[in-house]
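Asks: Take a look at the following structure, please.
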Amino acid sequence: MIALISGRVVVRRPDHVIVDCGGVGYRLAVSTETLRHVPAIGNDVSLHAHLVVRDDALALYGFASETERDLFLMLLGVQTVGPKMAIAVLSGAPPRELLAAVAAGDVSRLRAPGVGKRTAERIIVELRDKVAATVADDEISITRADDPRSVAREALAGLGYGSDEIESLLDGAEGDSAEQLISHALRSARR
């Protein structure tokens, strides 16, 4: 099985990338979260991968981290969840936040285009026990949609910052609202 693709980015689209590996271009479907970690065209990238074999197609999926790939595989194990729906769920937030949402039973956090309330509930029911062991108790609290830090993280990710960079920008930030946290983070980024 193909587990890792390393090469030069030749195409970068909202739902997929093509990576040139020694003259062969591999098309990998990616989540929005993974796309944030893919560099501009012409730069080198390494993506964890999973090949889905169907009667009528071979589909390759790419992930920025092993955690995201593992969550993708867990989602595929849920009844009625296919690869496209799993990618839609993964596009909603960083993998650790999604794992925390499953552990906390936060249905609204798992909703995405094509993923309704019942499917989100099914994901929680089928994965909660598997996920609970991997998520620390303090991470469960970050999944509330109205949590200012969570909103600030999402906004900074939308601006193209990576998850490690976001955490360092928000480290020591003080404020009661997402706007104050974002403002602090952007001032820190300018320094």
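Asks: Go through the range 9-22 and count every residue that is farther than 19 Å from Leu58 by Cα and crowded, with 16+ Cβ neighbours inside 10 Å.
Replies: 2
Asks: Applying the selection to the range 65-83, what residues are within 20 Å of Gly162 (Cβ to Cβ) and assigned to a loop (DSSP other than H, G, I, E, B)? Quick ask: steps written out before the conclusion?
Replies: Initial filter on the range 65-83 (within 20 Å of Gly162 (Cβ to Cβ)): 65-72.
Correct list: Ser65 only.
Asks: Determine which member of the set Gly25, Gly77 is closer than 20 Å to Lys117 by Cα, surrounded by fewer than 21 Cβ atoms within 10 Å (Cβ to Cβ) and of a type in the set (Gly, Ala, Ser). If you could, list the steps in order and put the result at the bottom.
Replies: Working: Gly25 fails: closer than 20 Å to Lys117 by Cα.
None of the others qualify; the one that does is Gly77.
Asks: Quick one: which of Arg122, Arg118 is in a helix (DSSP H, G or I), free of Cβ contacts under 8 Å to residues at least 12 places away in the same chain and not assigned by TED's automatic domain parsing to the domain that holds Leu159? Walk me through it before giving the result.
Replies: Details: Arg122 fails: free of Cβ contacts under 8 Å to residues at least 12 places away in the same chain.
Just one listed residue meets the conditions, Arg118.
Asks: Assess whether Val115 counts as being surrounded by 17 or more Cβ atoms within 10 Å (Cβ to Cβ), modelled with pLDDT under 75 and under 20 Å from Gly77 (Cβ atoms). Reasoning before the result, please.
Replies: On the way: surrounded by 17 or more Cβ atoms within 10 Å (Cβ to Cβ): yes; modelled with pLDDT under 75: no; under 20 Å from Gly77 (Cβ atoms): yes.
When the stated conditions are applied, Val115 does not pass them.
Rundown of residues vs (1) without any contact (Cβ under 8 Å) to a residue 40 or more places away in the chain; (2) among the aromatic types (Phe, Trp, Tyr); (3) in contact with a strand residue (DSSP E or B) (Cβ under 6 Å, 6 or more places away or on another chain), yes/no style:
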position	(1), (2), (3)
Ala29	no, no, yes
Glu33	no, no, no
Arg54	yes, no, no
Leu58	yes, no, no
Ala64	yes, no, no
Leu75	no, no, no
Gly82	yes, no, no
Ser91	no, no, no
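Asks: Shifting gears a bit: Considering each of Ala133, Ala173, Ala120 in turn, give the residue that is within 28 Å of Val38 (Cβ to Cβ) and at pLDDT below 80. It would help to see each step written out before you state the result.
Replies: Numbers: Ala133 fails: within 28 Å of Val38 (Cβ to Cβ); Ala120 fails: at pLDDT below 80.
Just one listed residue meets the conditions, Ala173.
Asks: Based on this model, can you work out whether Ala86 counts as assigned to a helix (DSSP H, G or I), crowded, with 16+ Cβ neighbours inside 10 Å, free of Cβ contacts under 8 Å to residues at least 24 places away in the same chain and among the hydrophobic types (A, V, I, L, M, F, W, C)? Explain how you work it out, then say what you get.
Replies: On the way: assigned to a helix (DSSP H, G or I): yes; crowded, with 16+ Cβ neighbours inside 10 Å: yes; free of Cβ contacts under 8 Å to residues at least 24 places away in the same chain: yes; among the hydrophobic types (A, V, I, L, M, F, W, C): yes.
Criteria met by Ala86.
The values are calculated or read from the model by the stated rules, or taken from the named source; none is laboratory data. Since this is a predicted model, take the numbers as computed values, not measurements. Methodologically, a virtual Cβ is constructed for each residue, glycine included, from the backbone with ideal geometry; neighbour enumeration extends over all protein chains shown.
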